[in-house]
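Worksheet for the structure shown next.
The values are calculated or read from the model by the stated rules, or taken from the named source; none is laboratory data. All figures in this text were calculated on a predicted structure; none of them were measured in a lab. No Cβ is skipped: glycine too gets one built from the backbone with ideal geometry, and neighbour counts run over all protein chains shown. These area figures cover heavy atoms from the full protein model, side chains too; ligands, DNA and RNA do not enter into them. Shrake-Rupley method; radii C 1.70, N 1.55, O 1.52, S 1.80 Å.
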Amino acid sequence: MTEDQRFEDAVRQFADAIAANFATRIPAQPEDQLKAPVRDLLEACGGIWGIEAASRTEVWAEGGIGRPDLGVTAGGLLCGHIELKAPGRGARADRFRGRDREQWERFKALPNLIYTDGSEWSLYRSGKRVGDRVRIADDVSDEGASGLRAAPVRKLAGLLRDFLMHEPVTPRTARGLAEFLAPLARLLRDEVREALDREDSAVRRIADEWRGVLFADAGSAQFADAYAQTVTYALLLAQFEGAENLRQAFAVDALRESQHDLLATALDLLENRPAREELSMPIDLLQRAIEAVDARVLLARRGRQGAFNPSQEVDRNPWLYFYEDFLGAYDAALRKNRGVYFTPVEVVRAQVRLVAELLRDRFGKSTGFAADGVAVLDPACGTGTYPLAVLQHAADEARERLGSGAVPERLRDLAGRLHAFEILVGPYAVAQLRLTQRLRELGVADSNPLVYLADTLESPNVPPNVPYSVLTGPLTRERERARAVKSQTRIFVCLGNPPYDREQRGPDAGGERRKGGWVRHGDAGLDADPPILEDFLAPVIEAGDGVHVHNLYNDYVYFWRWALWKVFDSTADAGIVTFITASSYLSGPAFAGMRAKMRELFDELWIIELEGASRGARKTYNVFQIQTPVAIAI
Ligand SMILES: C[S@@+](CC[C@H](N)C(=O)[O-])C[C@H]1O[C@@H](n2cnc3c(N)ncnc32)[C@H](O)[C@@H]1O
């Protein structure tokens with residue numbers, strides 16, 4: 001028999017098996033009547049085309065959106081999924097309604113997915129249909145093999161072959177990679193969220209441990225998000241650090257060896273066996289996709305070129321916008337909520353240069369950032385653009401004034417006092433990657449960047465109240481180290497681009513704790529000091545302008561208050577703060593207290609208004625892709 005004849009034979013058996021199942025009238029879900037015939041058909045196809053094809057039923061608890069009915073492996077590796085629909089429902093996933101529609105919205109992320117009701121077949125890749133829809137009969141469940149049509153059956157052979165031979169197409173640019181990984185990370189996040197709703201879930205047990213160690217306030221949504229981003233970025237970093245493959249033990253080893261201890265521990269914890277099994281589908285998909293990424297090709301290629309920032313830096317550094325692109329595709333609302341709009345390098349460099357001038361001219365530190373004892377902090381570092389610019393500036397300064405030989409030693413010293421906080425795991429991992437690479441390039445191989453996965457606005461006073469365990473040790477230590485920087489390290493320069501997001505919820509909104517952390521709410525307890533934001537609020541209320549104070553409930557205002565506390569209030573010493581933020585604080589009654597506090601603490605203050613309004617009658621260019629006018633203050 002030829003291959004074609006063997007295939008036609010297999011389809012005939014498939015159609016008859018379905019008709020027989022429906023004829024017996026054993027009560028069962030109609031989709032379940034299709035399962036065994038589809039599995040047999042795939043195995044038969046594997047035999048015909050020399051592919052070791054097998055399928056497994058994806059187990060999933062009742063209630064959630066769940067997974068496609070079958071996961072299919074080819075040669076032992078997960079190659080795709082099949083979603084079965086009751087006969088007569090068809091395979092036009094994009095036309096479904098109600099619950100099927102909701103399901104499709106999630107399944108769209110899958111890189112290789114067949115929808116079928118037995119008679120109609122469609123193949124989708126990442127939400128797009130590939131090739132034609134194929135209808136092999138009017139209704140196989142009724143007519144069996146006698147209703148099959150020859151030409152569509154031949155087309156089905158092509159569709160199934162394509163499906164079984166699928167290889168992930170790996171992107172060749174950083175932007176492509178961001179868009180490729182985002183839907184898979186989203187799939188993982190959604191499954192974690194559903195797992196958290198089940199009492200017996202192993203994922204739920206991990207959540208309790210993780211929450212206690214790192215972010216006490218993290219609700220289910222935040223935990224699910226942190227889980228998905230951590231696994232994605234830890235695997236990516238492991239791949240870039242040359243892991244042999246990304247199975248848990250190998251990935252964790254690669255991270256440990258390259259000194260990314262926190263991510264190694266996090267991956268170990270999050271991928272622990274029972275949880276890994278519950279989340280096998282999305283994690284397998286991510287693992288397979290990232291294993292196929294060629295780090296050398298990506299690092300060598302140009303990044304995104306935007307009209308908005310045509311700087312050559314983008315060409316040299318494909319990672320500059322990677323996280324922004326990823327988050328935009330992964331969850332645009334989260335991007336806005338966390339204020340993840342990265343800073344154009346020209347702006348960063350200008351701020352860094354101005355600080356270096358002040359260090360020299362006003363504080364007598366002739367080598368700027370390279371001078372002894374100048375501790376620097378970016379409290380919202382994103383992917384590390386400010387610390388990178390500080391390193392570069394110090395390297396240039398040291399080379400010019402002290403000679404090339406002095407560069408590694410000066411930079412090693414600076415690396416020990418250049419701190420950065422970031423709350424999201426994704427940018428944190430990218431910042432680690434970029435800073436480690438840059439330090440190595442500048443001749444400092446033995447120093448790790450001081451980037452902390454931390455919430456800047458969390459209390460500097462209250463130690464983490466979590467039991468120490470071998471597994472969570474590095475996570476607890478990281479949180480304690482960040483707290484020590486907040487409470488003990490004397491910071492001379494605080495700089496950056498803090499998030500901008502105005503609280504939209506009303507005062508009684510339930511759910512996760514409202515934003516502003518310790519700055520706005522202070523420490524718990526009767527003898528605790530009042531929250532430091534009071535200094536901004538009280539003068540406004542005293543002046544009878546209390547109706548305006550809601551404008552102060554904005555992330556950028558909390559970060560301003562925190563930086564003033566850190567550099568001046570907490571030490572009563574001299575220092576520099578420079579932020580690029582929304583400019584609304586420059587006028588208006590709500591910000592009178594904030595302006596008064598700034599006047600009280602600063603001897604000198606420069607404001608560079610960059611405008612950028614796009615809402616009113618007079619529209620001006622904005623250096624960010626946002627609609628709010630911005631200003632640099634130093
Ligand atoms: C506007 S971006 C700054 C990006 C950075 N300057 C860059 O160009 O890469 C603000 C960053 O602050 C982080 N962030 C938001 N809230 C934070 C918090 N409470 N603690 C620490 N980081 C926070 C966001 O995740 C985001 O990466």
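What the table below lists for this structure:
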| quantity | calculated |
| --- | --- |
| Packing rank of 193-199, 119-125, where each peptide gets the mean count of other beta carbons within 10 Å, highest leading | 119-125, 193-199 |
| Surface accessible to a 1.4 Å probe, per residue, for the residues of the chain, Å² | 42 Å² |
| Solvent-accessible area, 1.4 Å probe, carbon plus sulfur percent, for the stretch 230-278 | 41 percent |
| Under 13 Å from Lys365, Cα to Cα: aspartates and glutamates that are on another chain or at least 8 residues apart | Glu357, Glu397 |
| Förster-model FRET efficiency, 25 Å R0, Ala86 and Arg129, C-beta, rounded to 0.05 | 0.75 |
| For the stretch 194-201, 3J(HN,Hα) per residue [Karplus equation, 6.51 cos²θ - 1.76 cosθ + 1.60, θ = phi - 60°, Hz, x = Gly/Pro] | 5, 4, 5, 7, 9, 4, 8, 7 |
| Summed residue charge, Cβ within 14 Å of Arg399's Cβ, Lys/Arg positive, Asp/Glu negative | -3 |
| Under 5 Å, built H, 5+ apart or other chain: amide partners of Ser459 | Trp518 |
| Derived scalar couplings ³J(HN,Hα) [the stretch 529-540; Karplus, 6.51 cos²θ - 1.76 cosθ + 1.60; whole Hz; x for Gly, Pro] | 5, x, x, 5, 5, 3, 4, 7, 7, 4, x, 5 |
| Share of carbon and sulfur in the accessible heavy-atom surface of the stretch 367-446 [1.4 Å probe, %] | 47 percent |
| Out-of-range pairs (alpha-carbon distance over 32 Å; input Lys85/Lys515; Lys336/Lys597; Lys128/Lys515; Lys85/Lys155) | Lys85/Lys515; Lys128/Lys515 |
| Highest-first arrangement of 552-561, 155-164, where packing means the average Cβ count within 10 Å | 552-561, 155-164 |
| Extension gain, His548 back to Ala484 (0.36 nm per residue minus Cα-Cα distance, nm) | 19.5 nm |
| Sites Gln29 and Arg161, calculated FRET efficiency, Cβ-Cβ separation with R0 22 Å, nearest 0.05 | 0.15 |
| Length released on extending from Asp197 to Arg95, taking residue separation times 0.36 nm less the Cα-Cα span | 33.8 nm |
| Estimated distance in nm for a label pair at Val462 and Leu77, the labels positioned 7 Å out from Cα along Cα-to-Cβ | 4.8 nm |
| Global form of the chain, assessed from the alpha-carbon gyration tensor, a/c cut-off 1.5 | prolate |
| Accessible surface of the stretch 3-164, 1.4 Å probe, proportion on carbon and sulfur as whole % | 45 percent |
| Rounded, prolate or oblate (a/c below 1.5 giving rounded, otherwise prolate when a/b exceeds b/c) for the stretch 3-164 by Cα gyration tensor | rounded |
| Among beta bridges that DSSP assigns inside the chain, antiparallel share in %, nearest 5 | 65 percent |
| Length-normalised contact order of the chain in % [C-alpha pairs under 8 Å, at least 6 apart] | 9 percent |
| Residue-averaged [θ]222 nm for the chain, counting only DSSP H segments that reach four residues, each worth -39500 (n - 2.57) | -15000 deg cm²/dmol |
| Relative contact order [Cα under 8 Å, 6+ residues apart], the stretch 344-633, whole percent | 16 percent |
